[in-house]
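Colleague: One structure coming up, written as structure tokens, with questions to follow.
Every number here is computed from the coordinates shown, using simple stated rules; none is lab data. Fair warning: this is a prediction, and the values are worked out from it, not measured in the lab. All Cβ positions, glycine included, derive from the backbone under ideal geometry; neighbour counts span all protein chains shown.
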Amino acid sequence: MKILMVAVAASEHMSGVSRHAANAVRCLLTRSEVSAVHLVVGPWQYEAFQDAFARADSRLKIHQAEVRCSVLSRNLWYYNELPGLAAKFEADIVHLAFPSPLKQKAFRCPTVVTLHDYYPYDIPANFGFPKMLFNRMVLKQCLRAVDSIACVSESTLRRLEIYEPQIARQKAVTIYNCVDPGPAMAIGSPVPNWNGESFLLCVAQHRRNKNIVLAMQVFQHLYRRGDIDSDTRLVIVGIEGPETAKIQRFIKVNDLADRVVLLQGIGNAELEWCYGHCELLLASSSIEGFGLPIVEAMFHHCQVVCSDIPAFREVGGSYCHYASLSLCPEESFVAAARNALKHLKVRAGSTERFSGSRIAEAYLQLYTHLLHDTSAVGNRSHRKLVPSLERGRS
């Protein structure tokens, strides 16, 4: 089986979507049924993706799309040029790492898209006006054009069922993000001038739904009340975005430049270091489709303090310390953080359902069904193809 995985996106640094694509490729390469994986990325992404694959595999080929980084160029490339690549590589399956424009009739093989969230509808402030209208249009067009939709969680599937109930019934499955133990931890610290001080960790892009300012307010509250050591820092790992100016302004106004560290573009080994050395993970999002940092923190037995939202409940279960966003969110997070800081890192969380073997099996079942029963696409639900563990509601 030859798979074409497409992850041409704006950021040169590894984002959640980019890491999903890399993790999916890794788990697919564990299967003997997969004879080749062609991973297509933008030229500006190529180095980051090369670094993401520590072990060489002759079946993996990483290609640079002939495209500029502008929004218009990328979307036109997906619509006009991608079908030609699929034919050139003789792909059996084309898998989009996220929703993008798709010319359905131009493909000779089945197409799949990973649906991470419904942000264009649920939190349009992430995009602003009028960009959110364009993102809604692209999302709707893609979901209607592809042969199958792989939702990263039951929470995301439920959002799809609300906005596109017929499409959800006909095409959608739930296949979690693949999350396996990462590479060996970096020896050196990615945190500048680190000399063994304690730090809290927040892994989030600078976007509205991530509530990074709330995380900083919680950190400031803990510091002022003496709940954390006087030299404790907050390390925020994530690429810049629409909220960057607001985040920087908060740091300046509250004189937190020596206490809050903003990192982006760090490698997987350095991120592993952050998980392995932090006191706890703060995840203050208002809405999410999955919760990758939470699962990664669970691998390191980190304490996790996170928003009480459906996606986090689904992936974190009883492992996390939850904080309400409805009333006095800052106080709720502070109370949850205090509770977490009292416990040693001895918690055990269930991560087997996110393992590469489970996710690879689910993808292969979906791909095989599409290849052997293409005529059935659009006429019946594929959800039964996903192993029960991956589609069980929390």
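Colleague: Would you list, by chain and number, the lysines whose Cα falls below 23 Å from the Cα of Lys2, excluding same-chain residues fewer than 8 positions away?
Modeller: Answer for Lys2, where 23 Å is the Cα cut-off: Lys61, Lys88, Lys103, Lys105, Lys171, listed by chain and number.
Colleague: What is the angle, in °, between the Cα long axis of helix 329-341 and the longest principal axis of the Cα atoms in the chain? Nearest 10 is fine, range 0 to 90.
Modeller: Its long axis makes an angle of about 80 degrees.
Colleague: Next question. In whole Hz and in residue order, list the ³J(HN,Hα) couplings for the stretch 134-141 that follow from phi through the Karplus curve 6.51 cos²θ - 1.76 cosθ + 1.60, θ = phi - 60°; x for Gly and Pro.
Modeller: Listing the rounded values in order: 5, 5, 5, 5, 4, 4, 5, 4 Hz.
Colleague: Next up: Give me His63, His372, His206 sorted ascending by neighbouring Cβ count inside 10 Å, so fewest comes first. Working shown, then result.
Modeller: Working: His63 16, His372 9, His206 20.
Fewest to most other Cβ atoms nearby, the residues stand as His372, His63, His206.
Colleague: In nm, what is the difference between 0.36 nm times the number of residues separating Trp194 and Gln104 and their Cα-Cα distance? Write out the running numbers ahead of the final one.
Modeller: Values: separation 90, 0.36 × 90 = 32.40 nm, distance 5.15 nm.
Additional length available on full extension: 27.3 nm.
Colleague: Can you tell me what percent of all Cα-Cα pairs in the chain are more than 35 Å apart?
Modeller: On the way: 18851 of 77421 pairs.
Looking at the chain, the distances longer than 35 Å represent 24 percent of pairs.
Colleague: Can you sort Glu243, Glu161 from fewest to most other Cβ atoms within 10 Å of each residue's own Cβ? Write out the running numbers ahead of the final one.
Modeller: On the way: Glu243 22, Glu161 16.
Listed from fewest to most nearby Cβ atoms, that is Glu161, Glu243.
Colleague: Restricting to DSSP H runs of at least four residues, report the calculated mean residue ellipticity at 222 nm for the chain, -39500 (n - 2.57) per run over all residues, nearest 500 deg cm²/dmol. Let's see the in-between values first.
Modeller: Working: 16 runs with 151 residues, N = 394.
Per the formula, -11000 deg cm²/dmol.
Colleague: Find, among the trypsin sites (Lys or Arg not before Pro) in the stretch 270-371, those assigned to loop by DSSP (not H, G, I, E, B) with at most 10 other beta-carbon atoms within 10 angstrom. Intermediate values should be presented prior to the final figure.
Modeller: Details: sites: Arg313, Arg338, Lys342, Lys345, Arg347, Arg353, Arg358; in loops: Lys342, Lys345, Arg347.
Of the trypsin sites (Lys or Arg not before Pro), the ones in loops of the stretch 270-371 whose Cβ has at most 10 other Cβ atoms within 10 Å are Lys342.
Colleague: A further question on this structure: Please compute the Kirkwood hydrodynamic radius over the stretch 199-341, one decimal place, Å, based on all pairs of different Cα atoms.
Modeller: Details: mean 1/r = 0.0670 Å⁻¹.
Evaluated on the stretch 199-341, it is 14.9 Å.
Colleague: Which semi-axis lengths, in whole Å and largest first, follow from the square roots of five times the eigenvalues of the Cα gyration tensor of the stretch 207-286? Present the calculation step by step, with values, prior to reporting the outcome.
Modeller: Working: eigenvalues 69, 61, 28 Å².
Square roots of five times the eigenvalues give 19, 17, 12 Å.
Colleague: Next up: Order of Asp258, Asp57 from fewest to most other C-beta atoms within 10 Å?
Modeller: By the 10 Å Cβ count, ascending, the order reads Asp258, Asp57.
Colleague: List the residues whose amide H sits under 5 Å from the amide H of Leu234, counting only those 5 or more places along or on another chain, with H placed 1.01 Å from N in the peptide plane.
Modeller: Excluding prolines and chain starts, which carry no amide H, the hits are Leu200, Val260, Val261.
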